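As structure tokens, the structure follows; a few thoughts come after it.
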Amino acid sequence: EPLEQFLAELSSKNILLILDGLDRSLDSPLFLTQLIDRLPSLRIIITSRESLHNENKAVVEIHGLAMPDRDSPDAESYPSVQLFLQHARIFPDFEPGLFTISHICRLLDGMPLALELASAWASSLSCEQIAHHIEYGLSLHQTDKVSGEYQSMIAIFDSIWSLFSETERRTLLGLSVFKGGFSQLAALKIAGASSFFLDSLLNKKLIQRQKPHRYALHPSLLQYLQEK
């Protein structure tokens, strides 16, 4: 069996195994259990949208790049702004506006891929127009200027969407009626979202906790769900 060949190959080695995007594999918990039980000296780094249930794990949460505050005087020193400028400055007619670029970075939570996709539109749009599109429509995120599997934010959301059951999808769609955040009680009454489901969305980084028992959807995800 392929798994037995794999385990035999690793059994005689000191090795670090990197498993990227493990939450896409339906058999991943069983696979990990077999690895850990058979190869106690093995060290594994896993990337996943949600924390895996294993007592031997150490979790490191990955967040977006640091973003400047609205009134920050040194916006260009922040990694999110630097990334946007790095990609946008290849266009000869690009005119940087640090205040608006900072706003774009905050709208996108400093997500590197989102910033790269947004900056690709600097070839034809001003920074103000880019920010407007991010706030009011997903069309900005569709571009052929970025290579790879995830050419658009919609593709990212589609891949996340595919992991949910029909019941979970209906609940997510119900949450899309909230544009200014929502309380735990409102989520339950309007969308049928239990506290367990909200914790699961938090774990997947699909909602943000604004304060105890109050949450918000990322604006781009909100737009995606409303289109759905």
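Some notes on this structure:
- Phe94, Phe84, Phe31, reordered so the largest accessible area comes first (probe 1.4 Å): Phe31, Phe94, Phe84
- Each label was represented as a point 7 Å from its Cα along the Cα-to-Cβ direction; for Ser123 and Asn14 these points are 4.9 nm apart.
- Proximal lysines to Lys189, defined as alpha-carbon separation beneath 18 angstrom and excluding residues fewer than eight positions away on the same chain: Lys179
- Computed with a 1.4 Å probe over protein heavy atoms only, the accessible area of Trp161 comes to about 40 Å².
- Whole-Å distance, taken between Cα centres, linking segment 152-228 and segment 1-76: 25
- Sequence of Lys204, Lys57, Lys179 from largest to smallest accessible area, 1.4 Å probe: Lys179, Lys57, Lys204
- Protein-only accessible surface order, largest first, of His132, His63, His87 at 1.4 Å: His63, His132, His87
- Per-pair calculated FRET efficiency, R0 = 45 Å: Phe99 and Glu168 via Cβ, rounded to 0.05: 0.70
- Summing charges over all other residues whose Cβ lies under 12 Å from the Cβ of Gln129, with Lys and Arg as +1 and Asp and Glu as -1, gives -3.
- Annotation: Leu52 carries an accessible surface of approximately 40 Å², with a 1.4 Å probe and no ligand, DNA or RNA atoms counted.
- For the pair Gln34 and Ser77, the difference between a 0.36 nm per residue extended length and the Cα-Cα distance amounts to 10.9 nm.
- About its Cα centre, the chain has a charge dipole of approximately 700 debye under the convention of +1 per Lys or Arg Cβ and -1 per Asp or Glu Cβ, with nothing else charged.
The values are calculated or read from the model by the stated rules, or taken from the named source; none is laboratory data. Note that the structure is a prediction, hence the values are computed from the model and not measured. Counting neighbours? That spans all protein chains shown, and the Cβs are built from the backbone with ideal geometry, glycine included. Ligands, DNA and RNA are stripped out before the accessible areas are found, and what is left, the full protein with its side chains, is counted by its heavy atoms. Shrake-Rupley method; radii C 1.70, N 1.55, O 1.52, S 1.80 Å.
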